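One structure below.
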Amino acid sequence: AFVVSCGGLPLSYPEFIADSLNRPLYYVHGNHENRCGEGRTCEPGGAIDISGKVVTDPDTGLILAGIPGCLRYEDDQMGQYAEWQIGLMTCKMAPKLQYNRARHGRALDLLITHAPPRDVNDRTDPAHRGFESLRGFLTKWTPAYHLHGHIHLYDRSKPSQQRFHETEVINVFPYKLLEIEPAPTAARSTREAVHEQTV
């Protein structure tokens, strides 16, 4: 089992979860993270930043990739990205994803992002529009799940999950608990606690 954070959390929260559960906590940065001055973002102790990376959880064999932040809607703000920046980030992941597909028969199990894809669980206002680049990423690499935050669903009657091609796109706000069998040959299922919180 492991924990995933989709960003938007006060620094102390993922540190507390990682310490209290004594399980790996993988995270991406949101667009309202704790700042450490000089344009730097504080990193939660005991957690693993997968922003712009592809990693494999050693205990479960699940393959994860992470994309931080949201679509830029203000100038010179940390945690906000233009489409071309996200496109470049996903291109840099391609060699490892292609290797995974050749070696394991799948490129990726879980995509972890702060923002959703365009027109999938997103909103029409500039601050909460999804990334167009993520639609192409999901189409090409077909992870089973895409977990995101950023969109705060206070009305629990509204849907938090939508299928996009072969991927279940899930808004984890305020949290979700999932059981996933990572591969057809897996003998066990894996439980993940997924947290995203308002700031």
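General observations
- Annotation: Leu110 fulfils all but one of (1) open to solvent by 50 Å² or more (accessible area, probe 1.4 Å); (2) at pLDDT 95 or above; the unmet one is (1).
- No other residue among Phe131, Phe137 is at pLDDT 95 or above, open to solvent by less than 30 Å² (accessible area, probe 1.4 Å), within 22 Å of Glu74 (Cβ to Cβ) and aromatic (Phe, Trp, Tyr) apart from Phe131.
- In this structure, Pro159 does not satisfy being exposed (fewer than 14 other Cβ atoms within 10 Å of the Cβ), under 26 Å from Asp59 (Cβ atoms) and over 17 Å from the mean Cα position of the chain (by Cα).
- Annotation: of all residues in the stretch 45-61 being more than 15 Å from the chain's Cα centre (by Cα) and on the phi < 0 side of the Ramachandran plot, the one that is surrounded by the most Cβ atoms within 10 Å (Cβ to Cβ) is Thr60.
- If you go through the stretch 95-117 and keep only what is closer than 22 Å to Val4 by Cα and more than 15 Å from the chain's Cα centre (by Cα), you end up with Lys96, Leu97, Asn100, Arg106, Ala107.
- Sole exception among (1) touching a Ser or Thr at 6+ places or on another chain (Cβ under 6 Å); (2) assigned to a strand (DSSP E or B); (3) at pLDDT below 95 for His146, by number: (3)
- Residue list for the stretch 1-22, restricted to those being over 28 Å from Arg72 (Cα atoms) and surrounded by 19 or more Cβ atoms within 10 Å (Cβ to Cβ): Phe2, Ile17, Ala18
Rundown of residues vs (1) crowded, with 21+ Cβ neighbours inside 10 Å; (2) touching a Gly at 6+ places or on another chain (Cβ under 7 Å), yes/no style:
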| residue | (1), (2) |
| --- | --- |
| Pro24 | no, no |
| His32 | no, yes |
| Ile63 | yes, no |
| Asp75 | no, no |
| Trp84 | no, no |
| Gln98 | no, no |
| Gly105 | no, no |
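- Among residues of the stretch 131-143, those that are under 19 Å from Ser5 (Cβ atoms) and outside any strand (DSSP E or B), counted: 2
The values are calculated or read from the model by the stated rules, or taken from the named source; none is laboratory data. Please read these numbers as outputs of a predicted model, since none were measured by experiment. FYI the Cβ positions are ideal-geometry reconstructions off the backbone, even for glycines, and counts take in every protein chain you see. Side chains included, ligands, DNA and RNA excluded: accessible areas come from the protein's heavy atoms. Shrake-Rupley method; radii C 1.70, N 1.55, O 1.52, S 1.80 Å.
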